[in-house]
1. Exactly one condition in (1) open to solvent by less than 20 Å² (accessible area, probe 1.4 Å); (2) among the hydrophobic types (A, V, I, L, M, F, W, C); (3) more than 15 Å from the chain's Cα centre (by Cα) is false for B:ILE290; which is it?
2. From the list B:LYS4, B:LYS55, which residue is touching a Phe, Trp or Tyr at 6+ places or on another chain (Cβ under 8 Å) and either at pLDDT below 85 or surrounded by 12 or more Cβ atoms within 10 Å (Cβ to Cβ) (or both)?
3. For the range B:132-147, state whether one or more residues are over 30 Å from A:VAL232 (Cα atoms) and touching a helix residue (DSSP H, G or I) at 6+ places or on another chain (Cβ under 8 Å).
4. Report the residue count in the range B:294-307 for those that are within 12 Å of another protein chain (Cβ to nearest Cβ) and among the hydrophobic types (A, V, I, L, M, F, W, C).
5. For B:THR276, all conditions in the list (1) over 21 Å from B:THR150 (Cβ atoms); (2) out of contact with any helix residue (DSSP H, G or I) (no Cβ under 6 Å at 6 or more places or on another chain); (3) hydroxyl-bearing (Ser, Thr, Tyr) hold save one; what is the number of the exception?
6. Report, by residue number, each residue of the range B:67-111 that is outside any helix (DSSP H, G or I) and either at pLDDT 90 or above or open to solvent by less than 80 Å² (accessible area, probe 1.4 Å) (or both).
7. Among the residues of the range B:158-190, what is the count of those that are within 14 Å of chain A (Cβ to nearest Cβ), at negative phi and open to solvent by 30 Å² or more (accessible area, probe 1.4 Å)?
Amino acid sequence: MARPIEVEQVERWAVGRARPGALRRAVAGAGRFCRRKPLGAFGGLVVLALVLAAAFAERIAPYEFDAQIPDARLVPPGAEFWFGTDNVSRDIFSRIVFGARVSVTVGFSTVLLAALLAATVGITSGYFRGRYDIVVQRIVDAWQSFPYLIIILSLLAVLGPGMLNTILALSILTAAANSRVIRSATLSVVENPYIEAARAMGSGHVRIMARHILPNVAPTIVVVATISLGGVILAESALSFLGYGVPPPHPSWGGMLSGSGRTYMYKAPWMAIWPGVAISLVVFGFNMLGDALRDVLDPRLRGGAR
Amino acid sequence: MLRKYALKRLLVAVPSLLIASVIVFSLARLIPGDVVTLMMEENQYAQDLDEMRAKLGLDRPIYAQYVEWMGRIARGDLGQSLYTGKPVLRELAWRLPVSLELGAVALVFAVLIGIPIGVVAAVRQDTLRDYVARSGAILGLSVPGFWLGTLVVVLPAIYFGWSPPIEFTRLDDDPWRHVAQFLLPGFLLGVASAASIMRLTRTQLLEVLRQDYVRTAWSKGLAEPRVVLKHSLKNALIPVVTVLGIQIAQILSGTVIFESIFGLPGMGRFLFDAITERDYPVIQGINLVIVGTIVMVNLVVDVAYAWLDPRIRY
């Protein structure tokens with residue numbers, strides 16, 4: 001699974017490739033990032049909290065996510081149960097903490113898979129151009145013309161619900177959109193004289209793409225991946241809400257808002273509130289971080305249609 | 001010139017539509033074999049495997065199936081529901097308008113909210129108002145619509161004993177209530193799009209405001225509203241038109257969720273029910289209609305773009 005993109009790593013991209021002894025510069029860079037982009041730093045903090053919650057869910061959560069606590073049905077939030085309990089006596093705070101694991105797994109696997117796909121498609125499409133490019137771009141067009149929720153629901157109707165299928169379906173769709181951006185970055189990199197020099201020295205296509213183009217479009221890949229993370233987590237929660245994402249008993253935030261719980265929300269509004277707060281906060285964090293990263297790493301992308 | 005461009009753009013739309021139709025067509029071919037058996041046993045869609053295959057159109061060579069399928073579509077036959085046996089087209093004929101109404105209300109809200117706030121944020125760049133608007137926009141993109149929808153249904157019911165109507169009122173029964181029932185879901189559905197439109201309006205307007213001709217307008221002594229609204233906004237809004245195509249796709253996605261929450265019998269709800277029932281002909285039919293709509297919308301948007309901005313010629 002992808003490691004979280006931490007502020008240091010990000011700054012390392014911004015100040016150039018990491019060299020031995022660059023730690024101090026990276027820390028200074030992180031400080032600069034926080035000063036210049038306070039909202040981005042806040043987003044990074046939310047993301048860090050999410051990843052920690054996912055990694056140490058067993059230590060943080062007071063109960064197991066499926067533990068039914070005796071005599072604690074529909075208890076309002078309070079000192080004992082911070083976020084209250086649900087209709088089958090489970091601690092909502094614990095379920096939210098464990099739910100972070102679902103969001104992190106789906107979010108990062110999807111984005112990693114999508115980045116791999118998008119980089120392959122985008123770089124080859126921008127490098128070879130010509131007929132191959134035209135055909136590939138028409139296919140990307142066709143994928144993009146489907147409203148995301150509708151094509152994914154249809155795919156899941158065929159493949160069957162489940163976490164793996166959700167990741168597959170979401171990554172194909174994310175990859176289509178991201179490959180566009182990577183392709184246009186490749187188009188401008190290809191124009192550089194060093195590409196021609198590499199070709200003159202007898203480098204093959206694969207070598208040129210892997211050694212010369214990939215490192216130069218890497219910041220773009222990181223930025224579009226970070227920006228898509230929020231959207232992917234939002235999409236996963238929407239699918240789980242509709243009952244086609246991550247199946248129970250795994251606590252997905254979207255799933256907690258759907259199904260049998262809905263009828264009890266009139267008696268216990270806290271069941272409806274906390275999962276939504278968690279989704280909003282995390283997606284907000286990713287969006288803030290993504291925006292700040294884009295400004296720092298790849299200002300050309302500013303003002304994109306989002 | 002413009003007509004030539006429109007024709008060229010139409011020619012490009014054809015392969016996109018064809019590829020999309022292949023994707024939709026392939027959907028039913030991806031169904032795992034055990035699911036076909038399940039469909040037979042659980043939903044009693046057919047007597048035996050052969051009949052099931054025939055109903056799904058899986059009993060002939062694949063290219064023949066595709067050609068036949070396309071032929072039927074060209075004649076306006078989108079197939080029949082396995083569940084109800086009714087033609088998909090007849091069902092869509094009254095469900096599509098419901099979704100279009102919901103989508104139109106959402107789009108109107110998105111534009112009415114997004115553009116004015118975007119203008120204020122750009123004109124007052126880096127002030128408190130700008131920061132509030134920008135953070136609000138990101139928040140609008142982050143808060144899940146289905147959660148807002150749930151809260152709007154649940155919370156007023158608890159605290160005020162009021163909840164939005166979840167019975168559908170037809171236009172000829174009560175025109176006012178018919179329109180009113182779309183306002184709340186339409187507004188919620190439009191929030192995310194409003195945020196996107198606001199962000200784009202802001203960045204585009206900022207770019208235009210820095211141009212020479214705007215400086216000229218200022219130095220002629222024109223008042224701010226005139227410089228901003230008449231001279232700058234017109235040019236800044238041209239790219240905003242192009243994202244309307246993307247927004248319409250987003251809004252169509254949202255209809256699945258909001259029609260389910262608010263009990264509107266539209267196309268999104270129809271699709272969701274079809275997915276639950278594994279009613280593949282319906283799924284295919286709806287997907288095809290939606291893709292066709294979106295390819296056409298994008299075509300219109302592109303031509304409108306070229307018409308609004310004569311500098312654009314691809």
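1. Every listed condition holds for B:ILE290 apart from (3).
2. Checking each option against the conditions leaves just B:LYS55.
3. no
4. 6
5. (1)
6. The answer is B:GLY76, B:ASP77, B:LEU78, B:GLY79, B:SER81, B:LEU82, B:GLY85, B:PRO87.
7. Result for the range B:158-190: 6.
Residue by residue, here is whether (1) among the acidic types (Asp, Glu); (2) closer than 30 Å to A:MET288 by Cβ; (3) modelled with pLDDT of 90 or more; (4) within 21 Å of the chain's Cα centre (by Cα) holds:
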site	(1), (2), (3), (4)
A:PRO161	no, no, no, yes
A:SER171	no, yes, yes, yes
A:LEU187	no, yes, yes, no
A:HIS205	no, no, yes, no
A:ALA235	no, yes, yes, yes
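The values are calculated or read from the model by the stated rules, or taken from the named source; none is laboratory data. Computed from a prediction, not measured in an experiment: that's the story for all the values here. Ideal geometry is used to build each Cβ from the backbone, glycine not excepted, and the neighbour counts take in all protein chains shown. When the accessible area is computed, the model is the full protein with side chains, heavy atoms only, and any ligands, DNA or RNA have been set aside. Shrake-Rupley method; radii C 1.70, N 1.55, O 1.52, S 1.80 Å.
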